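Below is one structure, written out as structure tokens; the observations come after it.
The values are calculated or read from the model by the stated rules, or taken from the named source; none is laboratory data. Everything numeric in this text was worked out from a predicted model, so none of it was measured. Because the Cβ atoms are built from the backbone with ideal geometry, glycine has one as well, and the counts that use them run over all protein chains shown. The area values use the complete protein model at the heavy-atom level, side chains included, leaving out ligands, DNA and RNA. Shrake-Rupley method; radii C 1.70, N 1.55, O 1.52, S 1.80 Å.
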Amino acid sequence: MRRRTVRLRFTALYGALFFLSGAGLLAIVNVAFSGVSSTQVAPAPGQQIQQIQQPALVHAQARIVQLQHQLATHQANEVRQLLVASAIALGVMALVSIVLGRVVAGRVLRPLRTMTSATRRISADNLHERLAVPGPDDEVKDLADTIDELLERLEGAFAAQRRFVANASHELRTPLATMRATLDVAVGKPEPVPAQTLTLADRVRTELDQVDRLLEGFLVLARTQHGDLPERDTLSVGRIVSAALAARADAIAAKNLTLHNAGVPGDTWVRGSRTLLSRMVDNVLDNAIGHNHEGGWIRVATAADEQTVGLVVETGGQVLDQRQVAQLAQPFRRLGADRTGSDAGAGLGLSIVAAIAAAHGGTLDLYARPEGGLRVGIALPAAARTSMAGVSA
């Protein structure tokens, strides 16, 4: 069934009101003409006495009654024909009113449709745009002005959040670097350092590295969610994947993982940020390697058509819950240490992947394989043929 739009409801309302008013008008006409046709011209009492006293007028009186009867019959026929013709006209005009009602409703709702399409175009990347609906100062204009005020407040909130991210990047990295340098100086002194101090220093350095990675993940996630795409270029996803796999050859060999790599690197062209797309691929592969068991396998495939470039990374393992898997694209969501026997990671990897894919106009699909393991699928818009001229990598 079609969606019950406001335009459809207005059309039905206009048609119903016209039909009911026309039916009421026909009922009034019917009652009025019925009263007129039922009125009979009765002879006065003096005339009845005169008919008795003057038999010569009986024939004339009978003729008058006959004419009155014929007139009443003719009036009844005319009323019946009028009602039938009026009913037909009412049906025709009801259809015409529905058509006109639809046109009028569309005309009245046109500013709302314009507002809806303009609001859909506005996102975090173009919050500076406004509806700016022209016209008289009515309810529609008030609604448009209210939405513009809301967009202005949202733009201010997003700007404040971007400033906070920039300030946090500077303010938090500086003390972390200072703490790491102080720790290195304390451990690197000439005099002998106790073993307990060295163990503690290694543990603190590990935690500092974890905080640094967590901070970097926060910053990347914030930038991608705000659509901040530096150094946009035409890139090959297949080549980025090949480079990332080559960089992780030792990690794959350390776990004795079997790698199945399929795809045509030269055909998977997209338009985007090399830094962010490389980070996206790195996170997916790190997730596949880190959350894998000893002697497992990884299947990587890239493919492309005229509109979409796809990257699929599959791993084996235990059977997972699809409802929990679907939540892995949200920050700080993990399946737990029982999946891999490790509690490493802060749960930001796949959320960063989802944010980077969305910033490039793509999607992330997480699927729990029925036979066990996880399937990660990424779909990105393919680069236009015109933008690939002269591109070498």
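Note down the net charge around ASP233, summing +1 for each Lys or Arg and -1 for each Asp or Glu among other residues with Cβ under 11 Å from its Cβ.
+2
Just by accessible area at a 1.4 angstrom probe, what is the order of VAL312, VAL108 from largest to smallest? Please report the intermediate quantities before stating the final value.
Numbers: VAL312 35, VAL108 75 Å².
Ranked from most to least accessible, the order is VAL108, VAL312.
So what's the stretch 67-224 giving for Cα Rg divided by 2.2 N^0.38 Å, two decimals? Please report the intermediate quantities before stating the final value.
On the way: Rg = 38.5 Å, N = 158, 2.2 N^0.38 = 15.1 Å.
That ratio works out to 2.56.
At 7 Å along Cα-to-Cβ for each site, give me the label-to-label distance between LEU112 and LEU150 in nm.
1.5 nm
For VAL193 and HIS128 in one chain, what is 0.36 nm times their gap in residues minus the Cα-Cα distance, to one decimal in nm?
On the way: separation 65, 0.36 × 65 = 23.40 nm, distance 5.85 nm.
The VAL193-HIS128 span can extend by a further 17.5 nm.
Under a 1.4 angstrom probe, counting protein chains only, how are LEU259, LEU311 ranked by accessible area, largest first?
Descending accessible area places them as LEU259, LEU311.
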